[in-house]
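The values are calculated or read from the model by the stated rules, or taken from the named source; none is laboratory data. Treat the numbers as computed from the prediction; the structure is a model and nothing was measured. Note that we place each Cβ from the backbone using ideal geometry, even for glycine, and neighbour counts take in every protein chain shown.
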Amino acid sequence: MPLAVVIILLVVATIIFHFASPWWFTPIASNWGAIDTTVNITIWVTGVVFIAVNLFLAYVIVKYRHKDDGRAHYEPENTKLEVWLTSITALGVAAMLAPGLFVWADFVNVPEDAAEVEVVGQQWRWSYRFPGADGVFGSTDIPNMSVDNPFGISPDDPAGQDDILVNDNTVHVPLNKPIKFLLRSKDVLHDFAVAEFRVKMDLVPGMVTYIWLTPTKTGTYDILCEELCGMAHYAMRGAVVVNEENEFDSWLSEQPTFAQTVARPVGDPVAGQAFFAVCAACHGPQGEGNLALNAPKTAGQEGWYIKKQINSFKSGFRGAHKDDIYGLQMAPMAAILVDENAIDNVIAYINTLPDNPPETSVTGDAARGEKLYTTCAACHGRQGQGIWSQDAPRLAGMTDWYLVQQLKNFKAGVRGDHASDFQGRQMALLSLMLKDEQAIHDIVAYINTL
Amino acid sequence: MAYVAIADRDHEHHLHDPQTFITKYIWSQDHKVIAIQYGITAISVGVLAMILSAMMRLQLAFPDVFSFITPNNYYQFVTMHGMIMVIYLLTALFLGGFGNFLIPLMCGARDMVFPYVNMLSFWVYLLSVIILMASFFVPGGPTGAGWTLYPPQSILPGTPGTDWGILFMLISLAVFIVAFTMGGLNYVTTVLQARCRGMTLMRMPLSVWGIFVATILGLLAFPALLVSAVMMILDKTIGTSFFIPAVLSMGESLDHLGGSPILFQHLFWFFGHPEVYIVALPAFGIISDLISTHARKNIFGYRMMVWAIVAIGALSFVVWAHHMYVSGMNPYFGFFFATTTLIIAIPTAIKVYNWVLTLWQGNIRFTVPMMFAIGFIFTFTHGGLTGLFLGNVTVDLPLSDTYFVVGHFHMVMGVSPVLAVFGAIYHWFPKISGRMFNETLGKWHFWLTFLGTYSIYLPMHYLGILGVPRRYYANGITDFIPESAQTMNVGITIAALLVAVVQIIFFVNIIWSLRNGKKADSNPWGATTLEWQTPDTPPKHGNWGPELPVVYRWAYDYSVPGQSLDFIPQTEPHHGHDSVDDEDKDKK
């Protein structure tokens, strides 16, 4: 008897939960409303079965509960009833399956006029490529990939020269135009998923997969990786911005082509030295860093990383938070470097500076730090050397007090809080593993041993 | 020549002689002892896997508190929890545990037909468990690649445990498969060759049918996992490229060329989907017998139930790619696999109907095993119905890789089989131990487990519909996951910890009852099947005393009209009819 009551209560509670749940589909932003319809059909069919079976179960266990003078009915088979039940079930299954297959046929067949954009996944970030004026993507290959050619485009393929490269986690797409997303992975499986679009698909290294959709609502939507891709899977985030067509066009026209990224002149250390005089005031004449002025060591740091940080300061991704005292100081300094060439020149000069190990100032339990550092090593490398493809700077042999300060900033949301600063946000997500301040000191103490 | 069961032939008799302590309990060839060895080992690793899941839940609910749960650890917990639960607990327990205990007893055999191989099967299984446990202690720890072990990430840096953990995992799986094969061949051969006189296939209890068909599935499916494990070991150790194409790893391009990650997924799920039924079919069979016995009523539609088990088993080999709708395989496969997958719902639904119709017009005793069985019907119905979402290719698109999947497979493949396991342990405990368990503790165990697990998994489906991805160490800030989802996470974690803790009730009950439980009759439930008709309880080695039983009727003669007792054991002859081979009599 209590069991029957509980089963009825569970059915009622499930129905209430269903209708009261604040967690339901996000407002749809693509043409795939038909997918929601198939889900709703399935909910109705299965919901009716769930309620009917369980209420009947509850009825049966009340009505036929044990009685001392009771006796079960002996009936091994009832063919008629079994045929009926089988037929009704088959009908219900068909009612769910048929609409699903029709919608799937739409999903498989991409409209002829769909514009193409390539989504490139890697551990643990997104980037994008448009085919450019000729409408054809240049061929790519893994061995071509380097810090200067992260997409791996074949330099000899004329079709690749005008490809438009978006080496950033955010992509823009035009409203109300069908778009075919070509999905490519550099390393492991990933999955391109935007909740508001409903459709998703894995990125598989060695092949190109696809989905297509028509964005129907302007706005910015999160891209989440939904196929386990290693330690920082949960921190592999991106964004897709749906724009009116003219806004989209102007955004696209600002993005460089492959030919432009390759043709950029090499930095000139002599020209850079003049600019560096300003930097040296805080970072030291040899770029060795200065604790009193809270300026980290720059000598020996990876050039692509310094460039990214300077650009972050310039565009307000970094050094804009009111609690980031030293970042706020750096931001106007970075503005002195007015263009890419100036930045390249300074970096070229920094590359000529001697890379002397700084004095260590942080103490902690290096043994515990070593255990924790296995997580850090996935991006920064086992030797803390920094890895360009992971957007991870060098840690070993750099100023240790600065690492502590920055980890605290990430943890406190002072750094990595800007919506467009994906690398910063990623590091903020990873700093969630630092559950106490001691962990920070232990990790940095271990890095000092590398 | 008159038929003599293999186990009854003279030269086999020395196997059943009295033994020393070591041959009786350690190097035992008695299927019942081996069953218990399998059971204890499987449940022990299952407890470990449950503790790992508690760790995961702690991280998800209280992301700022537990300093030992780094992202690496989290993914290692996820992986080991899943693999242990599916393979080392459920597969081993249902087949090695219940299969070993029930097949000879329910078929009227003295033992498995190859007792020595049977013993070896357990020891090799134990070896696989030891290798698996060792992976916790190697540099870098166990693999964190997810229980599906998808390459390339499972063997490339960036995933925890890619130095040693993944190798230990793959080797352990290979060893497990060797163990399973030795056990599995035994179970199949015993069912086919060693049934006692009169025990036709269509008189076998459904528990045996479920375990029998599940074992065949395992023998056909596990080789796919074995070859993929071997291929991945080669990719990892000597640099072959079965599964690894040209890739960039840590900023450098590797030497691999031309491999296919999707090939692994096909092999994995060609094993992995039947694996679902390797766990589910024994549970189906056991639940059928529990319901029939405790409702004092024949199972409804026995032949349909048998054919449903066989049909589900066969169909389970042509649905595997429904796990891969968004894997990037040729999308046209979606039409085929969605259709086959939804067809499998029909025989599965028939099983649910027939359980409920068995209760219909019954005389239901709310014993502890019966409560677990009814709980199973509820959770399995829920989990089966949500499977219709994920099996239907279009509906799967928004739900795949979200918490909806986690909720679904835990309902159907976690909670349901575990309820069946508990029901089965309570049901057969008097036969295994010769003592009764404590009914009150059993009921508390049921209520807290049943209600607790439902409150864990029901909300997960809704988080999934919202789009919350699975296998996330932390959700962080997104544009669509509200703060309330984190509140729900705390609620789910509290329920999960509660369910974990109340399992203590089960262990207390079992251990206490082994010593202090009331002495059990040989047939305390009034059951018809052979294991309850043994001369001794618990049955001695050889099971049947001098004479093998003879079977005259099917396994479900409960409440036959005109009989004074409400059950007739299978060994009871029909009045005025001494043929043992006449199945038609069963239905009269």
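Among residues that are facing chain B (nearest Cβ under 7 Å) and of a type outside the set (V, I, T), A:R71 is included. Comparison of A:D113, A:D187 shows that the only residue that is buried (at least 23 other Cβ atoms within 10 Å of the Cβ) and either in contact (Cβ under 8 Å) with a residue 12 or more places away in the chain or not in a strand (DSSP E or B) (or both) is A:D187.
Scanning the stretch A:403-415 finds one or more residues that are under 26 Å from A:L337 (Cβ atoms) and assigned to a loop (DSSP other than H, G, I, E, B). Any idea which of (1) surrounded by fewer than 24 Cβ atoms within 10 Å (Cβ to Cβ); (2) among the polar types (S, T, N, Q); (3) in a helix (DSSP H, G or I) is the one B:S67 doesn't satisfy? All conditions pass for B:S67, except number (3).
In the stretch A:117-156, the residue that is nearest to the other protein chains (Cβ to nearest Cβ) out of those that are acidic (D, E) and over 23 Å from A:W251 (Cβ atoms) is A:D141. The residues listed here are A:T46, A:T89, A:T42; of these, the one that is over 31 Å from the mean Cα position of the chain (by Cα), closer than 30 Å to B:F480 by Cβ and surrounded by 19 or more Cβ atoms within 10 Å (Cβ to Cβ) is A:T46. Of the residues making up the stretch B:328-340, none is within 30 Å of A:F102 (Cβ to Cβ), small (G, A, S), assigned to a helix (DSSP H, G or I) and more than 10 Å from chain A (Cβ to nearest Cβ). Picking from residues in the stretch B:459-476 that are over 17 Å from B:H410 (Cα atoms) and small (G, A, S), the one that is modelled with the highest pLDDT is B:G467. Against the criterion of being of a type outside the set (A, V, I, L, M, F, W, C) and either at pLDDT 95 or above or under 42 Å from the mean Cα position of the chain (by Cα) (or both), A:Y64 does not qualify.
On the stretch given as the stretch A:366-402, residues that are hydrophobic (A, V, I, L, M, F, W, C) and either in a strand (DSSP E or B) or touching a Cys at 6+ places or on another chain (Cβ under 9 Å) (or both) total 3. Of all the residues in the stretch A:10-29, those that are surrounded by 14 or more Cβ atoms within 10 Å (Cβ to Cβ), assigned to a helix (DSSP H, G or I) and more than 7 Å from every other protein chain (Cβ to nearest Cβ) number 3. Of the residues making up the stretch B:517-538, those that are surrounded by fewer than 16 Cβ atoms within 10 Å (Cβ to Cβ) and free of Cβ contacts under 8 Å to residues at least 60 places away in the same chain number 2. Please find, within the stretch B:430-467, the residue that is farthest from the other protein chains (Cβ to nearest Cβ) out of those that are under 28 Å from B:D536 (Cα atoms) and outside any helix (DSSP H, G or I). Among those that are under 28 Å from B:D536 (Cα atoms) and outside any helix (DSSP H, G or I), it is B:G434. Return the residues of the stretch B:115-145 that are part of a helix (DSSP H, G or I), within 23 Å of the chain's Cα centre (by Cα) and closer than 19 Å to B:H81 by Cα; say none if nothing qualifies. Listed by number, the residues that qualify are B:Y125, B:L126, B:L127, B:S128, B:V129, B:I130, B:I131, B:L132, B:M133. From the list A:I41, A:I61, which residue is closer than 30 Å to A:P178 by Cα and either more than 8 Å from chain B (Cβ to nearest Cβ) or part of a helix (DSSP H, G or I) (or both)? Selected residue: A:I41, the only one of A:I41, A:I61 that is closer than 30 Å to A:P178 by Cα and either more than 8 Å from chain B (Cβ to nearest Cβ) or part of a helix (DSSP H, G or I) (or both).
If the condition is being at pLDDT 90 or above, facing another protein chain (nearest Cβ under 7 Å) and within 17 Å of B:I299 (Cα to Cα), then the stretch A:75-96 contributes A:E82, A:L85. Among the residues of the stretch B:259-281, just one is assigned to a helix (DSSP H, G or I), within 15 Å of B:S154 (Cβ to Cβ), touching a Ser or Thr at 6+ places or on another chain (Cβ under 6 Å) and not hydrophobic (A, V, I, L, M, F, W, C), namely B:Q265. Annotation: A:A98 fulfils all but one of (1) farther than 30 Å from A:Q423 by Cβ; (2) touching a residue at least 12 places away in the same chain (Cβ under 8 Å); the unmet one is (2). When the stretch B:468-490 is filtered for residues that are facing chain A (nearest Cβ under 7 Å) and of a type in the set (D, E), only B:D479 remains.
Selection over the stretch B:231-289 of residues that are within 21 Å of B:L419 (Cα to Cα) and within 14 Å of chain A (Cβ to nearest Cβ) gives a count of 2.
Annotation: of all residues in the stretch A:188-223 being in contact with a Cys (Cβ under 7 Å, 6 or more places away or on another chain) and at the interface with chain B (Cβ under 9 Å from one of its Cβ atoms), the one that is farthest from B:G259 (Cα to Cα) is A:D191. Looking across the stretch B:347-402, the residues that are β-branched (V, I, T) and within 7 Å of another protein chain (Cβ to nearest Cβ) come down to B:I350, B:V352, B:V356, B:I364, B:I374, B:I377, B:T381, B:V393, B:T394, B:V395. Under the condition of being among the acidic types (D, E) and over 13 Å from the mean Cα position of the chain (by Cα), which residue from the stretch A:417-436 is nearest to A:D324 (Cα to Cα)? If we take residues in the stretch A:417-436 being among the acidic types (D, E) and over 13 Å from the mean Cα position of the chain (by Cα), then A:D417 is nearest to A:D324 (Cα to Cα). Output the residues belonging to the stretch B:21-57 that are among the aromatic types (F, W, Y), over 23 Å from the mean Cα position of the chain (by Cα) and part of a helix (DSSP H, G or I). Result: B:F21, B:Y25.
Taken together, the residues in the stretch B:313-327 that are out of contact with any Ser or Thr (no Cβ under 6 Å at 6 or more places or on another chain) and assigned to a helix (DSSP H, G or I) amount to 6. Taking first residues from the stretch A:225-250 that are in contact (Cβ under 8 Å) with a residue 24 or more places away in the chain and partners that are outside any strand (DSSP E or B) and of a type in the set (K, R), the Cβ contacts under 6 Å between residues at least 6 apart in sequence or on separate chains come to A:L228/B:R471.
In the stretch B:171-184, is there at least one residue being part of a helix (DSSP H, G or I), out of contact with any Asp or Glu (no Cβ under 9 Å at 6 or more places or on another chain), β-branched (V, I, T) and not assigned by TED's automatic domain parsing to the domain that holds B:Y125? Within the stretch B:171-184, none of the residues are part of a helix (DSSP H, G or I), out of contact with any Asp or Glu (no Cβ under 9 Å at 6 or more places or on another chain), β-branched (V, I, T) and not assigned by TED's automatic domain parsing to the domain that holds B:Y125.
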